[in-house]
Amino acid sequence: MENVFIRQGEDFIRLGQAMKKAGLVGSGVDAKFLIQDGLVQVNGEVETRRGRKLVDGDTFSYENETYQVKCE
């Protein structure tokens, strides 16, 4: 499991942004389509909202890769 870090002073990161930060997609549009197609899971459940807020400790998965959100 790899980590995706929330910027210092912020409480959350949106799912689409987290996917970009993890290098899974090149743009927010790419993330949008993958999420809307039901290909991304958050905390083990399919998530279809690109704007889903992820907080410290949340996990998201795509293509058998799992990432955990951490505060810096």
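Tabulated results
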{"quantity": "Of all residues in the range 7-23 being open to solvent by less than 100 Å² (accessible area, probe 1.4 Å) and under 14 Å from Arg50 (Cα atoms), the one that is farthest from the chain's Cα centre (by Cα)", "calculated": "Phe12"}
{"quantity": "All strands (runs of 3 or more DSSP E) inside the chain with 3 or more residues being in contact (Cβ under 8 Å) with a residue 60 or more places away in the chain", "calculated": "2-6, 65-71"}
{"quantity": "Residue count for the range 38-52, restricted to those that are surrounded by fewer than 14 Cβ atoms within 10 Å (Cβ to Cβ) and either on the phi > 0 side of the Ramachandran plot or in contact with a strand residue (DSSP E or B) (Cβ under 6 Å, 6 or more places away or on another chain) (or both)", "calculated": "4"}
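The values are calculated or read from the model by the stated rules, or taken from the named source; none is laboratory data. Treat the numbers as computed from the prediction; the structure is a model and nothing was measured. Every residue, glycine among them, receives a Cβ derived from its backbone with ideal geometry; neighbour counts consider all protein chains shown. The protein model used for the area step is the full one, side chains on, heavy atoms only, and it has no ligands, DNA or RNA in it. Shrake-Rupley method; radii C 1.70, N 1.55, O 1.52, S 1.80 Å.
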